[in-house]
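The values are calculated or read from the model by the stated rules, or taken from the named source; none is laboratory data. Fair warning: this is a prediction, and the values are worked out from it, not measured in the lab. No Cβ is skipped: glycine too gets one built from the backbone with ideal geometry, and neighbour counts run over all protein chains shown. Note: areas computed on protein heavy atoms with side chains; ligands, DNA, RNA excluded. Shrake-Rupley method; radii C 1.70, N 1.55, O 1.52, S 1.80 Å.
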Amino acid sequence: MPTAQQQTILAVENLTKDFPAVRAVDGVSLGFRRGEVHGIVGENGAGKSTLMKIISGVYRPSAGRLTYGGRAVTATDPAHALRLGVAMVHQELNLVDTLSVADNVFLGREMTTFCFINRKESIHEARRHLARVGSAIDPAREMGSLSIAQRQMVEIAKALSCNASVLIMDEPTAVLARPEAERLFELIGRLRSQGVTVLYISHILPEVLRICDRITVMRDGKVVTTLERAKFGDGPSAEARLASLMVGRPMADHFPDRAAPQDATVLTVEGLSVQGRVRNVSFEVRAGEVLGFAGLVGAGRTEMAEAVAGLRPRAAGRVTIEGAELRPDQPAQAVRRGLAYLSEDRRGRGLLMGRSVVENVTIVSLKRYAKPFISRRAELAATRAHVERLSIKLARATDPVDTLSGGNQQKVAVAKWLEVEPRALILDEPTRGLDIAAKEEIYGLIRQVAGRGMACVLISSELNELLGMCHRIVVMRAGRIVKVLEGDEMTEENVMLHAAGVKAGADE
Amino acid sequence: MSAEPDGQNREPDLGPEGLVAVRRSWSRRRTLEVFGPLIALALLVLVTTAFNPTFLLPENILNVVENQSFVGLIALGMTFVIISGGIDLSVGSLMAFAGGLGIWLMNTAIRAPEITAAAAQAQQAGMEVPYGAVRIALAGLFGWTGLGGSEVWGVLIAVSAVLLAGLAAGLLNGILIAKGRIAPFIATLGGLAAYRSLALALADGGEFRSASAELFKKLGAGGLDIPYLTNRYGNAVVLRWPVLALIAAAVAAHIVLNRTRYGRYVYAIGCNERAARYSAIAVDRIKIITYTLIGGLTGVAALLNSSRMNAVSSGQTGAMLELDAIAAVVIGGTRMTGGSGQVWGTVVGLLILGVIGNMLNLLQVSPYLQGLVKGVIIVAAVLVQRGSRTEQ
């Protein structure tokens, strides 16, 4: 007789999902226990998301069986899955910005008196559900005014308000800063003690190892293994074991060696301010240097970078590239003078998703190919060169860029900026959402361009990435630079303490 | 592919091998999108010919094209506007206003001596002056500069006025939309109301009738005789200027859209305006150029149309023309959301609309029912394209 903790609440048997040319999920059998946090890891394309989409009813399986709390079904739809107690917290957070928090929580199942929405009661109920996730957000607030972390809490509260017993979280910390992530982990712990099962998908292995009770590793649509957390041991060796299970080979240290920067200063920023976001930021980047920017979400790093690139109005400050000043609000001039900014928002700001790879690669440097008529052949040749150099996997360069995988899309976005041969390259969260192999390729690429004398600015929320890649790390908090860390000072602890404001910086 | 924080649930998550499958389904939906309108046109031609073989006579086909040439010029501009993610509702009214203004100025110039004389006479006799102050002043100006009383000068004034009015109205739309941050629908809806009203006011609700008996008419009604081609009465078949203008403009538009930086930027802005801005594209400038372009093309259409009729009706000319232009673009496979589309699709859309009208005429269907058929075709075209776009 299994204990309550051991009781299987959700099981899949021989689950298979075929897409036109690929078997995305291949004969997967898994059981999830009541009140466990079950990590699911694997590289991009391993089938994790497809599996979760089958469980939450988005996809119909090609074969196999699902059992929800003892009830076997062959297929389901999202509404049915929700009634069976499975809710998914989406990566892109399906919430309506213009409605109130309470309206969002009860979207589609509004509390009504006759046919009118009972606003008072729904606000009251929403407050109760929010309290359950430990959030004190006012349910009457407009959704659009909330931070991403708060929106995620609303999304979870919404799932719980449907009496979900299984909660699927797909990369929930990808959009969160460290303290917010900590709060999420606390909440996950609380949900576990309430008997809720959490299926936790993440690329961030230390997180998975920290919060999960059991971990399932997937590769090529199949389950490699499911192990108790304790089986992995502690420390970096646990991560390495997990990573090698994911890729099927032992992992090397994935940061390439740093070369020393040159003496010449390329990018200089002096006294840069952005209305309400950035205050008096100054720094220099030398040729061949990789300067890291650490900070919590909302520290103003992206706003700072956008102001440098002329994409956001400056309230004050000077930006120069190799002595030539960049005028504010002139993105085209910034590019001409040799500044490239790779946006953190690949879909919204980085790429033209519906247009071809070629068009995306040459969109900034188009002048070179138009005399005055665009030479398609020259464009294609240039694109092929980038595809080869960055080993971008694609069928044809004329296909729309949204047919590529996330990692390859990111490489196209990088290629578009390398095309203009910039002197300084600002990379804003360049590896967000990429798997280990793709990350390593991006790291290698940054090293390569820095080695050729490009000045690189790396904005990242992944500490090990900053520590592994950068020569110096600038820590920002609330729009200001609070500390510049160099050499031995560059430790995870130091960065976090300054970013969170626990340790007062010398230059503050 | 679970690692996509920004991923939409549109594509199945696949490994590299899956890419091929996605691409294949993509090219299938592209095929229908690209060739659907062409197949529809071919079917229409076949059906029409089966019912009435005179359809295939060169003069009839040229007639179809000529009837579509005015809306066609505007639809070419509309293709750019819609691909850029916008819309222009002001073109129909603008066509009436620009054409009317041209004729009004031309008449003022040609009749300048009469107007000046009549005004002076009336003033001397203490009677009411039969012309407005602006007209008398302009007539005086034309007379003083020596342009008055000449048909040639009058026509030249009309041509430049119509084209300039079109360009200026387009520029104004562009500035309102790009710099004033007004939604294209709203900004051009304003133009729709305003230009019609200006045309009505200028003509006092009536018609602008050209005072140029022959010369002005030649622009729209003249053309080139096609060698060796005669109609059934033995007269040479004429390739009229509006047809030539449409063909030339379509070729030019195709090249501009596909082979120039401007064209590429139009696609980019329609696909994702923010990403375009982050790619250092001067988004505002491209938008202003686009609306000025459709304004200019509307000017050309207004000129040819008013010349062919040798008149402009302040209430009727160009009424609902904006919808016909949009319909041609949409039937041609350009999405209203922007970011994709082709000039030749619009040309096919124009021909489909023209052939339907012609077919219904040849089949002697009541003209009142033609709108119904047009409506059904528009919706069907979009449905077919949508159907071919949805996956799974």
All positions within the stretch A:145-154 that are away from chain B (no Cβ under 12 Å) and open to solvent by 10 Å² or more (accessible area, probe 1.4 Å): A:145, A:146, A:147, A:149, A:150, A:151, A:153
Complete set of residues in the stretch A:354-368 that are open to solvent by less than 20 Å² (accessible area, probe 1.4 Å) and either more than 7 Å from every other protein chain (Cβ to nearest Cβ) or touching a residue at least 12 places away in the same chain (Cβ under 8 Å) (or both): A:356, A:357, A:358, A:360, A:361, A:362, A:363, A:365
Members of the stretch A:19-69 found to be of a type in the set (Val, Ile, Thr), over 16 Å from residue A:223 (Cβ atoms), within 13 Å of chain B (Cβ to nearest Cβ) and not in a loop (DSSP other than H, G, I, E, B), listed by number: A:22
Some residue of the stretch B:33-50 being under 27 Å from the mean Cα position of the chain (by Cα) and either at pLDDT below 50 or within 14 Å of chain A (Cβ to nearest Cβ) (or both): yes
In the stretch A:373-410, residue farthest from the other protein chains (Cβ to nearest Cβ) [restricted to those that are within 30 Å of residue A:320 (Cβ to Cβ) and not small (Gly, Ala, Ser)]: A:389
Hits in the stretch A:453-473 - residues which are crowded, with 24+ Cβ neighbours inside 10 Å and either within 21 Å of residue A:276 (Cβ to Cβ) or in contact with a His (Cβ under 8 Å, 6 or more places away or on another chain) (or both): A:459
Any pair with Cβ under 8 angstrom, 6 or more apart, that starts in the stretch B:108-122 at a residue that is within 21 Å of residue B:152 (Cβ to Cβ) and ends at one that is open to solvent by less than 60 Å² (accessible area, probe 1.4 Å) and polar (S, T, N, Q): B:109/B:150; B:110/B:150; B:110/B:212; B:115/B:108
Any hit, the stretch B:135-158, residues being without any contact (Cβ under 8 Å) to a residue 12 or more places away in the chain and either closer than 27 Å to residue B:89 by Cα or buried (at least 18 other Cβ atoms within 10 Å of the Cβ) (or both): no
Which listed residue is modelled with pLDDT of 95 or more and within 13 Å of chain B (Cβ to nearest Cβ), from A:319, A:335, A:266: A:335
Scan of the stretch A:178-195 for residues that are more than 22 Å from residue A:69 (Cβ to Cβ) and away from chain B (no Cβ under 14 Å), ordered by number: A:178, A:179, A:180, A:182, A:183, A:184, A:185, A:186, A:187, A:189
Any chance residue A:340 is under 27 Å from residue B:284 (Cα atoms), within 28 Å of the chain's Cα centre (by Cα), assigned to a strand (DSSP E or B) and in contact (Cβ under 8 Å) with a residue 24 or more places away in the chain: yes
The one condition in (1) within 14 Å of chain B (Cβ to nearest Cβ); (2) hydrophobic (A, V, I, L, M, F, W, C); (3) in contact with a Gly (Cβ under 9 Å, 6 or more places away or on another chain) that residue A:168 fails to fulfil: (3)
Residue A:140 vs. criteria surrounded by fewer than 19 Cβ atoms within 10 Å (Cβ to Cβ), modelled with pLDDT of 85 or more, of a type in the set (A, V, I, L, M, F, W, C) and closer than 14 Å to residue A:101 by Cβ: yes
Set B:255, B:226: member being without any contact (Cβ under 8 Å) to a residue 12 or more places away in the chain and of a type in the set (A, V, I, L, M): B:255
Elements of type strands (runs of 3 or more DSSP E) in the stretch A:185-235, at least 3 residues being open to solvent by less than 30 Å² (accessible area, probe 1.4 Å): A:197-201, A:214-219
Residue list for the stretch A:196-235, filter: within 14 Å of chain B (Cβ to nearest Cβ) and among the hydrophobic types (A, V, I, L, M, F, W, C): A:199, A:201, A:204, A:205, A:208, A:217, A:218
Pairs, first under 16 Å from residue A:321 (Cα atoms) and more than 10 Å from every other protein chain (Cβ to nearest Cβ) in the stretch A:412-438, second open to solvent by 20 Å² or more (accessible area, probe 1.4 Å) and acidic (Asp, Glu), C-beta under 9 Å, six or more apart: A:423/A:322; A:424/A:322
Residue within the stretch B:329-340 that is in contact with a Phe, Trp or Tyr (Cβ under 7 Å, 6 or more places away or on another chain), crowded, with 16+ Cβ neighbours inside 10 Å, at positive phi and within 14 Å of chain A (Cβ to nearest Cβ) present: yes
The stretch A:169-179, subset surrounded by 20 or more Cβ atoms within 10 Å (Cβ to Cβ) and of a type outside the set (A, V, I, L, M), residue farthest from residue A:494 (Cα to Cα): A:170
Criterion (modelled with pLDDT under 90 and within 28 Å of residue B:315 (Cα to Cα)) met by exactly one of B:139, B:112, B:133, B:96: B:133
Sole residue being surrounded by 20 or more Cβ atoms within 10 Å (Cβ to Cβ), among the polar types (S, T, N, Q) and within 30 Å of residue B:112 (Cα to Cα), chosen from B:210, B:197: B:210
Lone unmet requirement of (1) farther than 20 Å from residue A:39 by Cα; (2) acidic (Asp, Glu); (3) touching a His at 6+ places or on another chain (Cβ under 9 Å) for residue A:138: (3)
Search result, residues across the stretch B:138-176 that are among the polar types (S, T, N, Q) and closer than 30 Å to residue B:282 by Cα: B:160, B:173
Residue identified as of a type in the set (D, E, K, R), open to solvent by 40 Å² or more (accessible area, probe 1.4 Å) and outside any loop (DSSP other than H, G, I, E, B) among A:279, A:258: A:279
Odd one out for residue B:380, checked against (1) open to solvent by 20 Å² or more (accessible area, probe 1.4 Å); (2) not in a helix (DSSP H, G or I): (2)
Members of the stretch A:404-432 found to be within 19 Å of the chain's Cα centre (by Cα) and assigned to a helix (DSSP H, G or I), listed by number: A:406, A:407, A:408, A:409, A:410, A:411, A:412, A:413, A:414
